[in-house]
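**Student:** First the structure, then my questions, so here it is.
The values are calculated or read from the model by the stated rules, or taken from the named source; none is laboratory data. Everything numeric in this text was worked out from a predicted model, so none of it was measured. Reconstructed Cβ throughout: ideal geometry from the backbone, glycine too, with neighbour counts over all protein chains shown.
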Amino acid sequence: MALTESEQMWSELGIDLASHGQLMNALGPIYRDIYLSQKNRPKGMGFYDFVVGDIHGIRVKELREHAKSGGKVVATYCVFVPEEFCWATGAIPVSLCAGTAFSIPAAEEVLPRNTCALIKSSFGFKLGRLCPYVQVSHLIVGETTCDGKKKMFELLAEHQPVYVMEVPNKRGPAGRALWQQEVRDFKAKIEELTGNRITAENLGEAIKKVNARRREFKRLSMLRAADPAPISGKDALLATQVSMYDDVERETQIMKTLNEELEERVKNGEGVFPRGAKRILVSGSPMAIPNWKLHHLIESAGAVVVGEESCTGSRFFNELAPEGITDLDEVVTALADRYLKTNCACFTPNCERLDDIIGMAKTLKADGVIHYNLQFCHTYANEAIQVDKALEKAGIPLLRIETDYSDEDAGQLKTRIDAFLETL
Ligand code: BJ8
């Protein structure tokens with residue numbers, strides 16, 4: 001049978017067409033069940049339905065065209081990697097998704113089973129030749145945020161060029177100096193990869209572009225404080241997930257239109273859940289596409305997720321990068337400082353994250369917090385103890401959940417979430 005245009009492209013990228021076909025076939029019904037079944041969704045979500053409907057098609061084609069005309073694609077796994085350097089040099093950064101159990105069996109042939117699902121899913125995408133975003137990228141940028149990831153990157157480097165940034169464990173002067181040097185080295189690496197120099201001007205322009213997108217996400221975040229909530233948590237999560245690999249200016253525009261619609265909704269008292277629905281802040285590990293499991297369970301139980309204190313949430317957009325600095329060295333230093341404010345559980349201590357969770361819960365008028373951590377992720381699991389203590393002191397109810405990408409525990413989680421909502 002003749003290949004479709006997309007299949008032809010995937011085949012040229014070395015994708016295992018048979019397995020990839022199974023993955024794509026599984027995604028459609030899941031999306032229909034979780035997303036398209038929602039009532040009264042904002043019209044602005046139509047763009048995201050379209051994107052997910054062709055998740056490995058149009059965007060990959062754009063990246064390929066870019067590569068064919070000499071441009072570079074830089075794949076990342078973490079919000080510590082300063083995307084501004086890529087945009088400044090004409091490279092395109094894409095965040096690699098790793099939110100499905102489908103790619104895990106391939107990874108478990110190599111990695112220990114007691115590794116977190118995010119790491120196994122990422123590695124399995126490469127080993128199983130399932131992800132065209134990995135295949136189309138010229139460089140994968142990793143980081144040393146956790147032991148599992150940093151060792152996985154060594155194995156990944158056997159298949160594709162990998163560059164690893166060292167993230168310090170502490171934010172003191174020594175950690176800050178180390179991180180600033182890492183950011184300078186990464187800048188040099190991107191310059192070498194693209195053959196383009198980073199200047200105060202092109203970096204300043206890139207910062208403005210990324211900040212514009214961040215501002216729209218901050219605006220969305222504030223709109224979610226309304227009761228009734230104008231958008232579901234699932235939809236807000238999806239917008240963040242997609243914007244992590246889409247074009248920065250297009251995302252800003254899409255989000256602007258969506259926010260205008262949501263502002264109207266708030267003005268008219270219109271929402272996706274009834275006024276007074278229980279409001280939940282989710283905090284913890286990031287959720288990559290298509291990991292919508294927890295949000296779906298919470299919202300199917302009649303509550304609404306009003307915010308995500310995570311890297312697929314506030315940590316992605318809360319801090320703006322410095323604008324208007326004309327000295328290159330100064331702007332690079334300020335940019336490094338901006339990224340060092342990412343409240344990842346890799347830091348010790350990480351009091352800023354605790355303050356952030358409490359601040360967000362209050363601003364978004366959350367009735368309770370659900371702390372989400374992936375099984376075998378020790379940093380988040382252990383930090384959950386501190387989160388528990390801080391929230392108890394602040395009088396904010398908390399439910400701690402540890403799970404993976406499978407659906408095996410869905411029934412048990414549903415019972416626990418229902419019981420938690422009852423107590424609020
Ligand atoms: S800045 S949260 S995106 S590292 S869940 S792989 S930590 S064992 S994802 Fe993260 Fe950057 Fe931090 Fe954010 Fe390891 Fe834990 Fe797995 Fe994790």
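**Student:** Hey, can you tell me all the residues within the range 145-162 that are free of Cβ contacts under 8 Å to residues at least 40 places away in the same chain and surrounded by 19 or more Cβ atoms within 10 Å (Cβ to Cβ)? Write out each step before concluding.
**Tutor:** First, pick out the residues of the range 145-162 that are free of Cβ contacts under 8 Å to residues at least 40 places away in the same chain: 147, 150-151, 153-154, 156-162.
Scanning the range 145-162 gives PHE153, LEU156.
**Student:** Right, next: Scanning the range 198-208 for residues that are touching an Asp or Glu at 6+ places or on another chain (Cβ under 9 Å) and crowded, with 17+ Cβ neighbours inside 10 Å, which turns out farthest from MET255 (Cα to Cα)?
**Tutor:** Filtering the range 198-208 for residues that are touching an Asp or Glu at 6+ places or on another chain (Cβ under 9 Å) and crowded, with 17+ Cβ neighbours inside 10 Å, the one farthest from MET255 (Cα to Cα) comes out as ILE198.
**Student:** For the range 134-182, how many residues are of a type in the set (A, V, I, L, M, F, W, C), more than 30 Å from ASP16 (Cβ to Cβ) and out of contact with any strand residue (DSSP E or B) (no Cβ under 8 Å at 6 or more places or on another chain)?
**Tutor:** 4
**Student:** Restricting to the range 379-389, give me the number of residues that are away from the ligand (no atom under 11 Å from the Cβ) and surrounded by 17 or more Cβ atoms within 10 Å (Cβ to Cβ). Reasoning before the result, please.
**Tutor:** In the first step, residues of the range 379-389 are kept if they are away from the ligand (no atom under 11 Å from the Cβ); the result is 384-389.
Narrowing the set further to residues that are surrounded by 17 or more Cβ atoms within 10 Å (Cβ to Cβ) leaves 384, 387.
Number satisfying all stated conditions: 2.
**Student:** Can I ask one more? How many residues are away from the ligand (no atom under 16 Å from the Cβ) and out of contact with any helix residue (DSSP H, G or I) (no Cβ under 8 Å at 6 or more places or on another chain) if we restrict to the range 285-299? Full working, then the answer.
**Tutor:** Here is the first cut: in the range 285-299, the ones away from the ligand (no atom under 16 Å from the Cβ) are 290, 292, 295-299.
Restricting the remaining residues to those that are out of contact with any helix residue (DSSP H, G or I) (no Cβ under 8 Å at 6 or more places or on another chain) gives none.
The qualifying residues number 0.
**Student:** Continuing with this model, one more query. Being touching a strand residue (DSSP E or B) at 6+ places or on another chain (Cβ under 7 Å) and surrounded by 20 or more Cβ atoms within 10 Å (Cβ to Cβ) is the filter here, so list the residues in the range 328-362 that pass it.
**Tutor:** Residues of the range 328-362 that are touching a strand residue (DSSP E or B) at 6+ places or on another chain (Cβ under 7 Å), as a first pass: 356-357, 360-361.
Those that are touching a strand residue (DSSP E or B) at 6+ places or on another chain (Cβ under 7 Å) and surrounded by 20 or more Cβ atoms within 10 Å (Cβ to Cβ): ILE357, MET360, ALA361.
**Student:** Further, regarding this structure: All but one of (1) under 19 Å from ALA366 (Cβ atoms); (2) among the aromatic types (Phe, Trp, Tyr); (3) not in a helix (DSSP H, G or I) hold for PHE217; which doesn't?
**Tutor:** (3)
**Student:** Still on this model: Please state which one of PHE316, PHE376 is outside any helix (DSSP H, G or I), within 16 Å of the ligand (Cβ to nearest atom), closer than 30 Å to ALA174 by Cβ and out of contact with any Pro (no Cβ under 6 Å at 6 or more places or on another chain).
**Tutor:** Values: PHE316 fails: outside any helix (DSSP H, G or I).
The match here is PHE376.
**Student:** Mind telling me which of the residues THR76, THR89 ends up being more than 18 Å from the chain's Cα centre (by Cα), at pLDDT 95 or above and on the phi < 0 side of the Ramachandran plot? Full working, then the answer.
**Tutor:** On the way: THR76 fails: more than 18 Å from the chain's Cα centre (by Cα).
Answer to the selection: THR89.
**Student:** Among the residues of the range 55-77, is there at least one that is in contact with a Cys (Cβ under 8 Å, 6 or more places away or on another chain) and either assigned to a helix (DSSP H, G or I) or of a type in the set (A, V, I, L, M, F, W, C) (or both)?
**Tutor:** Yes - at least one qualifying residue is present in the range 55-77.
**Student:** Tell me, yes or no, whether the range 269-281 has at least one residue that is among the aromatic types (Phe, Trp, Tyr) and farther than 22 Å from LYS149 by Cβ. Full working, then the answer.
**Tutor:** So the first thing to find is which residues in the range 269-281 are among the aromatic types (Phe, Trp, Tyr), and the list is 273.
Narrowing further to those that are farther than 22 Å from LYS149 by Cβ: 273.
Yes: one or more hits.
**Student:** May I pose another question? What number of residues in the range 363-373 are surrounded by 17 or more Cβ atoms within 10 Å (Cβ to Cβ), more than 15 Å from the ligand (Cβ to nearest atom) and not β-branched (Val, Ile, Thr)?
**Tutor:** At the first step, the residues of the range 363-373 found to be surrounded by 17 or more Cβ atoms within 10 Å (Cβ to Cβ) are 364, 366-373.
With more than 15 Å from the ligand (Cβ to nearest atom) added as a condition, the list becomes 364, 366-370.
Then drop every residue that is not not β-branched (Val, Ile, Thr), which leaves 364, 366-368.
Summing the residues that are surrounded by 17 or more Cβ atoms within 10 Å (Cβ to Cβ), more than 15 Å from the ligand (Cβ to nearest atom) and not β-branched (Val, Ile, Thr) in the range 363-373 gives 4.
**Student:** If ALA321 satisfies every condition in (1) surrounded by 13 or more Cβ atoms within 10 Å (Cβ to Cβ); (2) away from the ligand (no atom under 15 Å from the Cβ); (3) more than 23 Å from GLU182 (Cα to Cα) but one, which is the exception?
**Tutor:** Going through (1) surrounded by 13 or more Cβ atoms within 10 Å (Cβ to Cβ); (2) away from the ligand (no atom under 15 Å from the Cβ); (3) more than 23 Å from GLU182 (Cα to Cα) one by one, ALA321 breaks only (3).
**Student:** Tell me whether the range 196-207 contains one or more residues that are under 22 Å from the mean Cα position of the chain (by Cα) and of a type outside the set (Phe, Trp, Tyr). Working first, answer last.
**Tutor:** Just the residues of the range 196-207 that are under 22 Å from the mean Cα position of the chain (by Cα), to begin with: 206-207.
This time we only want the ones that are of a type outside the set (Phe, Trp, Tyr), so: 206-207.
The answer is yes, given that some residue of the range 196-207 is under 22 Å from the mean Cα position of the chain (by Cα) and of a type outside the set (Phe, Trp, Tyr).
**Student:** Before we move on, is ASN211 surrounded by 15 or more Cβ atoms within 10 Å (Cβ to Cβ), part of a helix (DSSP H, G or I) and polar (S, T, N, Q)? Quick ask: steps written out before the conclusion?
**Tutor:** Values: surrounded by 15 or more Cβ atoms within 10 Å (Cβ to Cβ): yes; part of a helix (DSSP H, G or I): yes; polar (S, T, N, Q): yes.
Yes: the conditions hold for ASN211.
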